[in-house]
Amino acid sequence: MGKLALHWQIIIGMVLGGIFGYIMTQIGGENFTADWIKPIGKIFINLLKLIAIPLIVASLIKGISDLQDISKFKTIGLRTILLYIMSTVIAITIGLLVVNIVNPGSSISPELMAEISGTYGEKASVKISSAGSAANRGPLQFLVDMVPDNFFKAASSNGSMLQVIFFVIFFGISLLLIKPEQSRPVKAFFDGLNEVVLKMVDLIMLMAPIAVFALIASLITEISNPEIFVALGKYALTVVAGLVIMVAIYLIIIKVRIGYGPVFFLSKFSPAQLLAFSTSSSAATLPVTMERVEEHLGVDQEVSSFVLPVGATVNMDGTSLYQAVAAVFICQVTGFELGLGDQLTIILTATLASIGSAAVPGAGMIMLVIVLEALGLPAESLAIGIALIFAVDRPLDMCRTVINVTGDATVSMLVAKSVGKISEPTPKNWDDHYGK
């Protein structure tokens, strides 16, 4: 497969993984897959997570120090936040339009609701409890959570990425404010560190096709009740339809504003999208997202080093669209009537929740509970609804993560274009300097 483009290698790995996983379920090989195949995928994800924090530290410090002007950073920051909020609102609105047109809640019978509630009720209760803690936080608690009291403690967990970004921005701005002769050695160190970490990304990606095979195979063997997916097919397809529309909007914007055609963009960025689908984690995919955006889409590191890490933690277009569809679906199933004011409440609450819950583990489901509670859905209906969507949450999580990273890439290109920081892509290979 060495002569094939990386995205084709990954696609082949996914297809073969699906076939292998299906065969294992037919011959009782679930334990073999869990013991001998799944660890390969887990190692790959761990490697990506391993370099996420070093990559953010090195690339963001390099990007800020290269600006040489704090006002440029202010411009990039404001445009990034504004575009992320706009894209979130658009995603939620699309989700509401699709779910109201399709009305997927009409296909769920009371018997199916009772069966799924019994199977996933305990997991739903845990998420509702976690959401209660998140919802009771003060309005500025997310700002408090953003400022670490110990950088090394924050850097020890990918869940504290916003805290790391805060410190690194603080460090980078301070680096701009000291004498050039004093900052030069520090800047040179982080420039070199950045190149080393990017080369680590190239080396890790050599493992991607095999790792994706392992991830998909293990996912297939862990699906406990395939009939549930059929029963909830209309709901799942509604979510996917909304996500596809969102991708189409991204591609149109990229074509109009950047000049990249859909085929060019997808061929260059699809390895990051396929990894997002396989891992269900924007944070784990971040190193590949940054490598693809910088080297294959031409976004200057001054922009990508800020826009992409921030996006991986606060921008959740796919998740926000999913919140809208899931919230209305649950209301349809439980007979809870929604008016226009309630639909607007979903837009507002889901937008705020996507920012305020960014640092909370399992943020997607917790965000949904917060939205439903804001609508006034009764507690018993809430528990049934969360249990329902829990049944198909894993595959839909894979799909919405693809949209999350695609939205991050789109915003990074728009911001780069607006400040003149996008140029001809210059891809690098893992062995560019091998043997020299």
Hey, in the GNM for the chain with a 10 angstrom Cα cutoff, which one of VAL299, VAL310, VAL102 fluctuates hardest? VAL102
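Length gain on complete extension for the stretch GLN26 to ASN100, per 0.36 nm per residue less the alpha carbon to alpha carbon distance? Before the final figure, lay out the partial values.
Details: separation 74, 0.36 × 74 = 26.64 nm, distance 3.86 nm.
Gain on stretching GLN26 to ASN100: 22.8 nm.
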Helix 233-253: angle to the longest alpha-carbon principal axis of the chain, degrees 0 to 90, nearest 10? 30 degrees
Sorted largest first, the C-alpha extents of the chain along its principal axes in whole angstrom are 72, 51, 43
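Can you sort SER174, SER282 by how many other beta carbons sit within 10 Å, fewest first? Walk me through the numbers before you get to the answer.
Details: SER174 11, SER282 26.
The order, fewest Cβ neighbours first, is SER174, SER282.
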Under a Gaussian network model of the chain whose springs join Cα atoms within less than 10 Å, the largest fluctuation of GLY261, GLY41, GLY28 belongs to GLY28
The extension gain from VAL230 to VAL186, computed as 0.36 nm times the residue separation minus the Cα-Cα distance, is 10.2 nm
Projected onto the charge dipole of the range 6-418 (unit charges on the beta-carbon of Lys, Arg, Asp and Glu, signs +1, +1, -1, -1), the Cα from GLY172, VAL230, VAL307 with the largest positive-side position is that of GLY172
Ordered by residue, what ³J(HN,Hα) values in Hz, to whole numbers, does the range 368-380 give under the Karplus form 6.51 cos²θ - 1.76 cosθ + 1.60, where θ = phi - 60° and Gly and Pro are x? 5, 4, 4, 4, 5, 5, 5, 7, x, 5, x, 4, 5
Of TYR260, LEU143, THR319, farthest towards positive along the dipole that unit charges on Lys, Arg, Asp, Glu beta carbons give the chain: TYR260
Options CYS331, LEU55, MET365, ranked by Cα towards positive dipole end of the chain, top entry (Cβ charges): LEU55
Give me the one-decimal nm value for the distance between modelled label points at PHE170 and GLU337, 7 Å along each residue's Cα-to-Cβ direction. 5.2 nm
Residue by residue through the range 320-333, the couplings from Karplus 6.51 cos²θ - 1.76 cosθ + 1.60 with θ = phi - 60°, in Hz, x for Gly and Pro, are 5, 4, 4, 4, 5, 5, 5, 4, 5, 4, 4, 5, 5, 5
Please list, in chain and number order, the residues 5+ apart from SER157 or on another chain whose amide H is under 5 Å from its amide H, with Hs placed from the backbone. none
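If the only charges are +1 at each Lys and Arg Cβ and -1 at each Asp and Glu Cβ, what is the size of the charge dipole of the chain around the Cα centre, to the nearest 20 debye?
Details: 27 positive and 31 negative charges, 201 e Å.
Roughly 960 debye for the chain.
None of the figures in this text is laboratory data; all of them are computed from the coordinates on show. Every value quoted in this text rests on a predicted model; they were computed, and no experiment measured them. Here Cβ is always computed from backbone atoms with ideal geometry, including for glycine, and neighbour counts include all displayed protein chains.
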